[in-house]
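Down below is the structure, laid out as structure tokens.
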């Protein structure tokens, strides 16, 4: 079986890779493209560790077949920082100790960015519902929620100044 | 766990996995022999599905991929329906709404026309999974996957949604209620796909509601789901009612006795008590980790009564506007 050639845009750069028809986009990103930020936690769309944004939609890359990425625009956690400058969410996660083992963190960052892009000043309840598709077995979520609140405040202040 | 080609994958000291083996988590890894096709027309999709016995429809895949990973037989061809414009479009034409069968529920929840006309159906749509899943889940998938606990079928049914089905013999339109026939079973013939749903604009003083009980606040499967739609006259008496329950039988259950108890009455007092009793009596639930038979039966009655109450409030607020 010949492999499928996929051309897309990843984190603003043109990208191409070869994949198998039955390979998930998560596996292709990790094994073919070398972007190992997205993680496989459950492989069934429950944990959100593989969250990415494809054509403006937040989704679990473990539930997407890699050939579907043809012609799409993809954002992963690797595209969040600008050079050495971390995204405010990344900075707030670090400063607020919103991670321990770190496996869920890329998914939380991508999902939280998607949430703030859509709703720049979410309430705590909106954050908790917005991140319900991401599981963390270390932090108990409170530090994550507070980090997202802090980042939201920072981003809003920056945009207003 | 990666599954790239036949490349052996290290799974820890002394353990090697190849594609098709069982991962450390106990899932079958996906094989790499699967082909992916992305037709852009309904006709092309039907041809592809007819060309190989093991071709499968691939839309949001939020149920399909976990099922394959859990050991279901693997399709040889995945036919992605999401590049077919008709399958992902929402339109309003006169008094009829048309919603593509693969339209993401996130789009449905953001459509002002659908939100206004079918608040309960939109609520049911928004309850499916996380934001990540909302980007992929659809009415067509929810119905064709035929889980007894699916959230949108009860609401599609009380709103008398019609399903447009395409197959080798052309297109046919059936009531959405006729699609699922049992757990994982549908009336779709081999090679047939759900193309779109049609919904008529509700009449004046008509509204729907959907309630679901789950053990937590998000990301779970219904213990019971209840959809109701009522039409009131100018005095607030019920002139038409539809009540459908999910997760309490192999398929969605309509409750004609509860509907009849409402007709000609105010949606309150004895009429609501009759709704609750009839809904509970109409169920044939299973015992499982989410709830016992007795619990499901009682909750079905309570949710049916509350869904009718909410639908009636909305119908009153809507007044004479259709």
Suppose we filter A:139, A:105, A:123 for residues that are more than 12 Å from chain B (Cβ to nearest Cβ) and modelled with pLDDT under 95; which single one remains? A:139
I'd like to know if segment B:230-242 contains one or more residues that are assigned by TED's automatic domain parsing to the domain that holds residue B:267 and under 30 Å from residue B:55 (Cα atoms). no
When only residues in segment B:75-120 that are surrounded by fewer than 18 Cβ atoms within 10 Å (Cβ to Cβ) and in contact with a helix residue (DSSP H, G or I) (Cβ under 6 Å, 6 or more places away or on another chain) count, which is nearest to the other protein chains (Cβ to nearest Cβ)? B:109
Which strands (runs of 3 or more DSSP E) sit wholly inside segment A:46-161 and have at least 3 residues that are under 26 Å from residue B:58 (Cβ atoms), in the same structural domain as residue A:12 (by TED's automatic domain parsing) and in contact with a helix residue (DSSP H, G or I) (Cβ under 8 Å, 6 or more places away or on another chain)? A:51-54, A:57-60
(1) more than 8 Å from chain B (Cβ to nearest Cβ); (2) in contact (Cβ under 8 Å) with a residue 40 or more places away in the chain; (3) surrounded by fewer than 22 Cβ atoms within 10 Å (Cβ to Cβ) all hold for residue A:80 apart from (2)
Filter result (more than 7 Å from chain A (Cβ to nearest Cβ), in a helix (DSSP H, G or I) and touching a strand residue (DSSP E or B) at 6+ places or on another chain (Cβ under 9 Å)) within segment B:52-74: B:64, B:68
Going through segment A:1-28 in order, the residues found to be at the interface with chain B (Cβ under 10 Å from one of its Cβ atoms), outside any loop (DSSP other than H, G, I, E, B) and either on the phi > 0 side of the Ramachandran plot or free of Cβ contacts under 8 Å to residues at least 60 places away in the same chain (or both) are A:18, A:19, A:24, A:26, A:27, A:28
State yes or no: is residue A:32 modelled with pLDDT of 95 or more, surrounded by fewer than 24 Cβ atoms within 10 Å (Cβ to Cβ) and in a helix (DSSP H, G or I)? yes
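The values are calculated or read from the model by the stated rules, or taken from the named source; none is laboratory data. The shown structure was predicted, so the numbers you read here are calculated from the model rather than taken from an experiment. Cβ sites come from the backbone with ideal geometry, for glycine too, and all protein chains shown count toward neighbours.
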